[in-house]
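Every number in this text was worked out from the coordinates using simple rules, so none of it is lab data. Being a predicted model, the structure only gives us computed values, none of them experimental. Here the Cβ is made from the backbone with ideal geometry for all residues, glycine too, and neighbour counts use every protein chain on show.
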Amino acid sequence: MLEKLRVAQGLERGREELLNRSTTPNLDAQLLLMKALDQTRAWVLAHPEAELSDPQAQQFQHDLAELAAGTALPYILGWWEFYGRRFKLNRRVLIPRPETELLVEQALSWLQRVDGGRALDLGTGSGCLAVTLAAERPGVRVLASDIDREALQLARLNASWYGVEERMSFVQADLLSPLRGPFDVICANLPYIPTAALAGLEVASREPARALDGGQDGLSLIRRALQDLPRALAPGGLALFEIQPDQAAAVSEAARRALPGAHVRVRRDLAGLERLLAVSRVE
């Protein structure tokens, strides 16, 4: 009879296999064991002698091999954390990133001054932005839109998980043109990587190209959305677009042309990089 795999052995095996493939091999091994055992990370760390059943050991080995082969950890786990909440994921949507929390913080701050306002998350993906807005601001109605129907289904699932689905709407749409505004806040983490740059990026081999490819200069979809702001953004409203730092000047000029008289500025993230275009409309 083969000896059962113990938690401590699994952690060591995972660390060794991921040592040259991950910057966080210990944590990754812990998370894979969490999944296989259906336990918390604290439980895994507190029970080094616990034995895995054969199906659990097989699941762990399978997931470890998949991670070592280059699959992104959040897709293997089926979830990732964003703004203190865990969101279900699949491979049709982007993995939530810490830098996008800047967008959420700016939107939430703006919505504090709006009583019963409307917010739009354009290109919602997993719904992490839209659900966070709804959960943090119970008086606000949130519309989540995406061109991908399966992404919208995932966003709805996340909304249901956090009990905010009744205050949200989900619409399949190609950017702003079919949507009925106006909105007090528009959030958009649209694709902004130039097409030619994708080939040299690891993220392009791990996450859906449709959610990354921003056209020739990376601003194709953002420009289209900006052109609809005069119709979609309410007087006194705020539109927020995540960008690459080297796009700040070009996207700011595009915003000024699209909405003359608006207050246009670029916010820096915690690393000091120009990350967020903010367009506030004069009341």
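Quick one: divide the alpha-carbon radius of gyration of region 85-125 by 2.2 N^0.38 Å and tell me what you get.
1.39
Apply 1/(1 + (r/R0)^6) to the Cβ-Cβ distance of L201 and E283, taking R0 = 41 Å, and write down the FRET efficiency to the nearest 0.05. List each step's numbers first, then the result.
Working: r = 41 Å, r/R0 = 1.00.
With a Förster radius of 41 Å, E is 0.50.
Rank the residues W161, W80 as a footprinting-exposure proxy: fewest other Cβ atoms within 10 Å of their Cβ go first. Please report the intermediate quantities before stating the final value.
Numbers: W161 15, W80 20.
Ranking W161, W80 by Cβ neighbours within 10 Å, fewest first, gives W161, W80.
Please report the antiparallel percentage of the DSSP beta bridges confined to the chain, to the nearest 5.
Antiparallel: roughly 45 percent of the beta bridges in the chain.
Counting helices only, and only those DSSP H runs with n ≥ 4, report the 222 nm mean residue ellipticity of the chain as the sum of -39,500 (n - 2.57) divided by its residues, in deg cm²/dmol to the nearest 500.
Mean residue ellipticity, 222 nm, calculated: -11500 deg cm²/dmol.
With only Lys, Arg, Asp and Glu charged, each at its Cβ (+1 for the first two, -1 for the last two), find how big the charge dipole of region 7-70 is about the Cα centre; round to the nearest 20 debye.
Rounded to the nearest 20 debye, it is 220 debye.
Among the DSSP beta bridges whose two residues both lie in region 137-283, what percent are antiparallel, rounded to the nearest 5?
Details: 11 of 22 bridges.
Roughly 50 percent of the DSSP beta bridges within region 137-283 come out antiparallel.
Compute, for the chain, the length of the dipole vector about the Cα centre, with Cβ point charges of +1 (Lys, Arg) and -1 (Asp, Glu) only. Units Debye, rounded to 20.
Result for the chain is approximately 860 debye, rounded to the nearest 20.
Going toward the positive end of the dipole of region 93-280, with +1 on Lys and Arg Cβ and -1 on Asp and Glu Cβ, which of A173, Q247, T100 do you reach last?
Farthest along the dipole direction, towards plus: A173.
Relative contact order for region 80-207: what is it in percent, counting Cα pairs under 8 Å that are at least 6 residues apart?
Relative contact order for region 80-207 comes out at 27 percent.
Which whole-number percent is the relative contact order of region 1-102 (Cα, under 8 Å, 6+ apart)? Write out the running numbers ahead of the final one.
Numbers: 102 pairs, mean separation 23.9, N = 102.
It comes to 23 percent, rounded to a whole number.
Can you pull out the trypsin sites (Lys or Arg not before Pro) in region 162-220 that DSSP calls coil and that have at most 16 other Cβ atoms within 10 Å? If you can, show how the numbers build up before the last one.
Details: sites: R167, R180, R206, R210; in loops: R180.
Passing sites in region 162-220 are R180.
Over all distinct Cα pairs, what is the inverse of the mean 1/r for region 1-62, reported as the Kirkwood hydrodynamic radius in Å?
Numbers: mean 1/r = 0.0873 Å⁻¹.
Evaluated over region 1-62, this radius sits at 11.5 Å.
Set the Förster distance to 30 Å, then compute FRET efficiency between L273 and W43 from the Cβ-Cβ distance, nearest 0.05.
It comes out at approximately 0.20.
At a temperature of 37 °C and a viscosity of 0.692 mPa s, determine how fast region 177-283 diffuses translationally according to Stokes-Einstein, using the Kirkwood radius over alpha-carbon pairs as Rh; express D in µm²/s, rounded to the nearest whole number.
It diffuses with D of about 230 µm²/s by this estimate.
Order of 41-49, 23-31, 237-245 by packing, highest average Cβ count within 10 Å first?
Ranking, from highest mean packing down: 237-245, 23-31, 41-49.
Return an integer: the convex hull volume of the alpha-carbon atoms of the chain, in Å³ per residue.
134
Using 19 Å as the cut-off for backbone N distance, which residues of region 113-127 belong to the label zone defined by a point 7 Å from the Cα of Y162 along Cα→Cβ?
113-114, 116-127
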